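Notes to accompany the following structure.
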Amino acid sequence: MNGNSSELISRLMNARSVVVLTGAGISAASGVPTFRGEGGLWKNYRPEELATPSAFLRDAGLVWEWYLWRRDLISQVKPNPGHQALVELENLVPDCAVITQNVDNLHQDSGSRKVIELHGNIMRNKCFECGKMYQGEVKSDAIPHCPECGGLIRPDVVWFGEPLPEHAIREAHQYAGKCDVFLIVGTSGIVEPAASIPFIARSANAYLAEFNLNSTPISEICDETFFGEADKKLPEIIGDFKKRKRNLS
Ligand code: BJW
Ligand code: ZN
């Protein structure tokens with residue numbers, strides 16, 4: 001069902017805790033390509049073929065080159081009105097958290113204060129062997145080695161088959177389990193365990209609203225889906241929520 005903003009706004013008016021789960025779609029308007037669908041390819045490779053430990057073991061140079069390309073692209077982009085609307089939302093409700101699958105830092109750059117990174121951050125690096133964080137320079141094509149163990153350095157992101165950071169998934173579950181409104185923005189909802197987080201909010205009787213260009217496997221459990229671009233829909237609805245709050249005060 002296409003969303004009816006007055007119901008969502010009423011829920012937001014009464015909410016104590018609001019949680020937002022974001023995916024690549026929220027950063028699309030900033031110029032960051034999504035993983036799946038049109039524009040989800042890099043030199044004929046699908047992200048699923050590169051974002052794995054086995055891809056790194058097979059051809060570390062190729063994976064490293066992909067990450068250098070993405071880092072360079074991400075370092076040049078800016079948050080868009082969708083990210084900014086979520087900062088506004090945080091200012092309007094007593095408790096708000098953004099749980100993101102994105103590694104691009106755009107929520108933090110836009111000013112969101114409570115951001116839970118499920119899949120790491122593309123700007124950080126760590127050792128592939130010992131896991132120690134690496135602070136050195138990483139711009140060149142030559143992959144640096146760990147000063148501790150000599151292992152190859154890799155981005156501090158979560159690849160397929162790897163566990164998510166324990167503290168991040170624990171915190172995400174806690175927030176989802178106690179929120180009143182749960183928003184799902186720009187994710188295809190197929191990558192686990194992130195895709196299961198809305199189900200926790202559903203079980204806790206939260207109101208679920210999705211923002212996406214199309215329906216997803218999560219749509220079925222949502223109270224409503226707002227079809228359209230997140231950088232337009234979020235500012236529209238959160239702007240109306242702000243006006244309604246102001247009229248009451
Ligand atoms: C717009 C828009 C606009 C566009 N406005 N909307 C259970 C069942 C089956 C499989 C599994 C399972 N549990 C685990 C698995 C395996 C696997 C998995 O989920 N596989 C499935 C794909 C089948 N999961 C894992 O391996 C995870 N690890 C794990 O479970 O470990 C267990 C373990 C425990 C103990 C020891 C060892 C292991 C890890 C998953 C890691 C995912 N990593 C990536 C790469 C991150 C690094 C990087 O950036 O390079 O994360 S993959 C990629 O997908 C990235 C994303 O965060 C993630 C999700 O993608 P997202 O954000 O949804 O983007 P898209 O492109 O898919 O969708 C964009 C959406 O936006 C679309 O819907 C558009 O319509 C929409 N959109 N423009 C609004 N303007
Ligand atoms: Zn090391």
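The values are calculated or read from the model by the stated rules, or taken from the named source; none is laboratory data. Quick caveat, the model's predicted, so the values are computed rather than measured. Reconstructed Cβ throughout: ideal geometry from the backbone, glycine too, with neighbour counts over all protein chains shown.
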Point to revise | Pairs where the first residue, in segment 144-162, is in contact (Cβ under 8 Å) with a residue 60 or more places away in the chain and the second is in a loop (DSSP other than H, G, I, E, B) and near ligand 2 (Cβ under 8 Å from one of its atoms), C-beta under 7 Å, 6+ apart | key: 152/128; 154/128
Exercise for review: Under 9 Å between Cβ atoms, at least 6 apart or on separate chains: pull out the pairs that start in segment 119-137 with a residue that is in contact (Cβ under 8 Å) with a residue 40 or more places away in the chain and end on any residue that is surrounded by 13 or more Cβ atoms within 10 Å (Cβ to Cβ) and hydroxyl-bearing (Ser, Thr, Tyr).
Suggested key: 119/100; 122/67
Point to revise | Single residue of 213, 152 found to be within 30 Å of residue 17 (Cα to Cα) and at pLDDT 95 or above | key: 213
Check your understanding: Got a sec? Which of 125, 121 is under 24 Å from residue 33 (Cβ atoms), in a strand (DSSP E or B) and within 16 Å of ligand 2 (Cβ to nearest atom)?
Key -> 125
Exercise for review: Look through 91, 102, 4, 80 and report the one residue that is free of Cβ contacts under 8 Å to residues at least 12 places away in the same chain and of a type in the set (S, T, N, Q).
Suggested key: 91
Practice item. Considering only residues that are touching a residue at least 12 places away in the same chain (Cβ under 8 Å) and surrounded by fewer than 14 Cβ atoms within 10 Å (Cβ to Cβ), look in segment 205-235 and name the one that is nearest to residue 173 (Cα to Cα). Key: 217
Review point. Taking helices (runs of 4 or more DSSP H) that do not extend beyond segment 1-103, which have at least 1 residues that are among the charged types (D, E, K, R), farther than 14 Å from residue 234 by Cα and within 16 Å of ligand 2 (Cβ to nearest atom)?
Key: none
**Study point:** Filter result for residue 46 (touching a residue at least 24 places away in the same chain (Cβ under 8 Å), farther than 18 Å from residue 184 by Cα and within 15 Å of ligand 1 (Cβ to nearest atom))
**Key:** no
Check your understanding: Looking only at segment 131-142, which residues are hydrophobic (A, V, I, L, M, F, W, C) and either under 24 Å from the mean Cα position of the chain (by Cα) or crowded, with 18+ Cβ neighbours inside 10 Å (or both)?
Key -> 133, 138
Practice item. For segment 107-118, enumerate the residues that are touching a helix residue (DSSP H, G or I) at 6+ places or on another chain (Cβ under 9 Å), crowded, with 16+ Cβ neighbours inside 10 Å and not in a loop (DSSP other than H, G, I, E, B). Key: 107, 110, 115, 116, 117
Point to revise | strands (runs of 3 or more DSSP E) within segment 152-249 that include 1 or more residues polar (S, T, N, Q) | key: 207-212, 224-227
Exercise for review: State all residues of segment 128-151 that are within 11 Å of ligand 2 (Cβ to nearest atom), more than 18 Å from residue 59 (Cβ to Cβ) and either among the basic types (Lys, Arg) or in a strand (DSSP E or B) (or both); if no residue qualifies, say none.
Suggested key: 132, 133, 134
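For (1) over 20 Å from residue 218 (Cβ atoms); (2) in contact with a Leu (Cβ under 7 Å, 6 or more places away or on another chain); (3) at pLDDT 95 or above; (4) away from ligand 1 (no atom under 11 Å from the Cβ), each residue gets a yes or a no:
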position	(1), (2), (3), (4)
130	yes, no, yes, yes
139	yes, no, no, yes
145	yes, yes, yes, yes
148	yes, no, yes, yes
163	yes, no, yes, no
187	no, yes, yes, no
199	no, no, yes, yes
206	no, no, yes, yes
Point to revise | Set 128, 160: member being more than 20 Å from the chain's Cα centre (by Cα) and either farther than 30 Å from residue 14 by Cβ or of a type outside the set (Val, Ile, Thr) (or both) | key: 128
